[in-house]
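See structure below.
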Amino acid sequence: MADFALPAAYLCAVNALCFAAFAYDKHLARVGKWRISERTLLVLVLAGGTPAAYAARHFVRHKTRKQPFVALLHVIALLQVTLVIVAVTWLDSLVAR
């Protein structure tokens, strides 16, 4: 279980940061201030903040229709899910030996 402590802490931190960035960007949009770049938001998603990005889109109602942002978000999510499936399958094959 201790082997997963550091990755779990990382994922919690990056997801908290990602959700906060989406919420803060929404606030900035409402008050007409300089915004967080879409690139920065997508980097947070790519770093593992995909669950928080989807949660923020739902709860904060931010970046729900903006293209190509939404398409890129879905592509990143699909790649991450594929990567997890491949990694789990590969690790399972190592354990089975």
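The values are calculated or read from the model by the stated rules, or taken from the named source; none is laboratory data. These numbers were taken from a predicted model, which means no experiment stands behind them. Virtual Cβ from ideal backbone geometry, glycine too; neighbours counted across all protein chains shown.
Listed values, structure above:
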| read-out | value |
| --- | --- |
| Single condition A21 does not satisfy, out of (1) exposed (fewer than 13 other Cβ atoms within 10 Å of the Cβ); (2) in a helix (DSSP H, G or I) | (1) |
| Identity of the residue in segment 40-71, touching an Asp or Glu at 6+ places or on another chain (Cβ under 8 Å) and assigned to a helix (DSSP H, G or I), that ends up surrounded by the fewest Cβ atoms within 10 Å (Cβ to Cβ) | F69 |
| Boolean, R30 is at pLDDT 95 or above, among the charged types (D, E, K, R) and surrounded by 10 or more Cβ atoms within 10 Å (Cβ to Cβ) | no |
| Test: residue in segment 55-67 that is closer than 24 Å to A13 by Cα, among the hydroxyl-bearing types (S, T, Y) and more than 14 Å from the chain's Cα centre (by Cα) | yes |
